[in-house]
1. Just want to confirm a number: the relative contact order over the chain, from Cα pairs under 8 angstrom separated by 6+ residues, in percent.
2. Any chance you could give the angle, 0 to 90 degrees and rounded to 10, that helix 2-14 forms with the longest Cα principal axis of the chain?
3. Amide H of Leu60 versus every other amide H placed in the peptide plane: which residues, excluding those fewer than 5 positions away on the same chain, fall under 5 Å?
4. Given a 1.4 Å probe and every protein chain left where it sits, what share in percent of the accessible area of the chain is carbon and sulfur?
5. Can you tell me the dipole magnitude for the chain around its Cα centre, using point charges on the Cβ only (Lys, Arg +1; Asp, Glu -1), in Debye to the nearest 20?
6. Could you give the nm distance between label points at Asn66 and Arg13, where each point is 7 Å from its Cα heading toward the beta carbon?
7. Counting C-alpha atoms alone, how compact is the chain: give Rg to one decimal and Dmax as a whole number, in angstrom.
8. Counting only heavy atoms of the protein chains, get the accessible area per residue of the chain (1.4 Å probe) and round it to a whole Å² value.
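The values are calculated or read from the model by the stated rules, or taken from the named source; none is laboratory data. Because the structure is a prediction, the values reported are computed rather than measured. Glycine gets a Cβ as well: all are built from the backbone with ideal geometry, and neighbour counts include every protein chain shown. Areas reflect the complete protein model, heavy atoms only, side chains present, ligands, DNA and RNA absent. Shrake-Rupley method; radii C 1.70, N 1.55, O 1.52, S 1.80 Å.
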Amino acid sequence: MFDICFEYDDHLRASGHWVGGEAIQGPETALTLYWTNGKVATTDGPYAETKEQLGGLLVLEARDMNRAVEFIAQHRR
């Protein structure tokens, strides 16, 4: 799956739609920040309420939101 994603990233770069992107580090390096009693508190690890795992982010250049959705929808194929 990673090879397919990286190939698509190359396509986005070649077509001028890639602005940037970063993978995130694994959960063992995460720190969750939150407010409690008026102060910032921390907890080791990511504790987001989600059904999916975030692996990174992409910044794309597109003429409008619909086109951006088309680009990212093809990223997993």
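1. Working: 70 pairs, mean separation 29.1, N = 77.
Relative contact order of the chain: 38 percent.
2. Roughly 60 degrees, rounded to the nearest 10.
3. Amide H neighbours of Leu60: Val19.
4. 54
5. The dipole of the chain has a size of about 240 debye.
6. 3.1
7. Using the Cα atoms of the chain, the pair Rg, Dmax is 16.5, 50 Å.
8. 87
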